[in-house]
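*Asks:* I am attaching a structure below and will ask some questions about it afterwards.
The values are calculated or read from the model by the stated rules, or taken from the named source; none is laboratory data. These numbers come from a predicted model, not from an experiment. Ideal geometry is used to build each Cβ from the backbone, glycine not excepted, and the neighbour counts take in all protein chains shown.
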Amino acid sequence: MLYNFFAKFDVMGRRGMLIIIPVFTILNLAFSALNSYALRSPLFLDSFFTVAGAVCYGPLAGVIIAAATNLAMEVVYGFTSWYWPFMICGIATALITGGMAKRGYFSKQIHLTIAIFAVTVSNAFLGAFIAYLLFSGDSGVGIDVLVSAFTETGMSVLTALFVARLPANLIDKMIAVYVGYGVYRLYQRGREV
């Protein structure tokens, strides 16, 4: 079964990590590409398996998956320099969710709600700050349309960057946390067998 698949990598130790990290990175890239080429939504869809890796295999595994995902996005999307700076958002996601799971706070609905809130706010803040400092607000992603709309109402660019990222990150990170939780449950079930 699928739950045995995830548990096998835990038993394999470091060798398992050498397999699961690239697999989760490729899955993150696949969802990101789906969004970029087909859906074209203001969501990011690039951290589902960062959360899964962090909660199942620890924060360090999640950090490596996040870093590998953003570096691989540079390769896939043509070395635009738009993706690697946002690696810090993925790292924050991994540290928050992996840290919560490591301390036993990833098993109840309230834990998931707290994780969603913490990851949403941290990613909105970090993403806005990076977009403002490095790209003057135009980071080349779908969310820039919302930023433009907010600046037209008189908001400062930095405020518009943050406010525009809140709803997008809320939806995106809610999906990521629930995907991570689903994988985590499969992982736990596999360890019990």
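*Asks:* Report yes if Leu71 is more than 24 Å from Arg191 (Cα to Cα) and surrounded by fewer than 19 Cβ atoms within 10 Å (Cβ to Cβ), otherwise no. I'd like the intermediate steps shown before the answer.
*Replies:* Numbers: more than 24 Å from Arg191 (Cα to Cα): yes; surrounded by fewer than 19 Cβ atoms within 10 Å (Cβ to Cβ): yes.
Against the criterion (more than 24 Å from Arg191 (Cα to Cα) and surrounded by fewer than 19 Cβ atoms within 10 Å (Cβ to Cβ)), Leu71 qualifies.
Here is a yes/no grid of residues against (1) under 22 Å from Ala115 (Cβ atoms); (2) modelled with pLDDT of 95 or more:
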{"site": "Val147", "(1), (2)": "no, no"}
{"site": "Asp172", "(1), (2)": "yes, yes"}
{"site": "Ile175", "(1), (2)": "yes, yes"}
{"site": "Arg189", "(1), (2)": "yes, no"}
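*Asks:* So, one more: Which count do you get for residues in region 93-139 that are surrounded by fewer than 17 Cβ atoms within 10 Å (Cβ to Cβ), under 17 Å from Trp82 (Cβ atoms) and not polar (S, T, N, Q)?
*Replies:* Number satisfying all stated conditions: 5.
*Asks:* In addition: Can you pull out the residues in region 27-67 that are in contact (Cβ under 8 Å) with a residue 40 or more places away in the chain, closer than 26 Å to Leu161 by Cβ and of a type in the set (A, V, I, L, M)?
*Replies:* Leu29, Ala33, Leu43, Leu45, Val51, Ala54, Ile65
*Asks:* Could you pull out the residue among Val55, Val75 that is over 20 Å from Val177 (Cβ atoms) and aliphatic (A, V, I, L, M)? I'd like the intermediate steps shown before the answer.
*Replies:* Numbers: Val55 fails: over 20 Å from Val177 (Cβ atoms).
Unique residue meeting the criteria: Val75.
*Asks:* Out of everything in region 1-47 that is on the phi > 0 side of the Ramachandran plot and within 22 Å of the chain's Cα centre (by Cα), what residue ends up being modelled with the highest pLDDT?
*Replies:* It comes out as Leu45.
*Asks:* Hey, does region 181-193 have a residue that's under 14 Å from Phe48 (Cα atoms), of a type in the set (A, V, I, L, M, F, W, C) and assigned to a helix (DSSP H, G or I)?
*Replies:* Filtering region 181-193 down to residues under 14 Å from Phe48 (Cα atoms) leaves 181-184.
Narrowing further to those that are of a type in the set (A, V, I, L, M, F, W, C): 183.
Of the ones still in play, those that are also assigned to a helix (DSSP H, G or I) are 183.
Yes - at least one qualifying residue is present in region 181-193.
*Asks:* Still on this structure, I have one more. Can you find, within region 56-104, the residue that is nearest to the chain's Cα centre (by Cα) among those that are of a type in the set (Val, Ile, Thr) and within 16 Å of Thr25 (Cβ to Cβ)?
*Replies:* Applying the first criterion (of a type in the set (Val, Ile, Thr)) to region 56-104 yields 63-65, 69, 75-76, 80, 88, 91, 93, 96-97.
Next cut, within 16 Å of Thr25 (Cβ to Cβ) only: 63-65, 69, 75-76, 91, 93.
On the way: Val63: 10, Ile64: 12, Ile65: 9, Thr69: 9, Val75: 18, Val76: 17, Ile91: 8, Thr93: 6 Å.
If we take residues in region 56-104 being of a type in the set (Val, Ile, Thr) and within 16 Å of Thr25 (Cβ to Cβ), then Thr93 is nearest to the chain's Cα centre (by Cα).
*Asks:* Would a scan of region 101-113 turn up a residue that is among the charged types (D, E, K, R), touching a residue at least 40 places away in the same chain (Cβ under 8 Å) and farther than 17 Å from Phe44 by Cβ?
*Replies:* Looking through region 101-113, at least one residue is among the charged types (D, E, K, R), touching a residue at least 40 places away in the same chain (Cβ under 8 Å) and farther than 17 Å from Phe44 by Cβ.
*Asks:* Let me ask something else. Of all residues in region 140-150, how many are over 17 Å from the mean Cα position of the chain (by Cα) and buried (at least 17 other Cβ atoms within 10 Å of the Cβ)?
*Replies:* Number of matching residues: 4.
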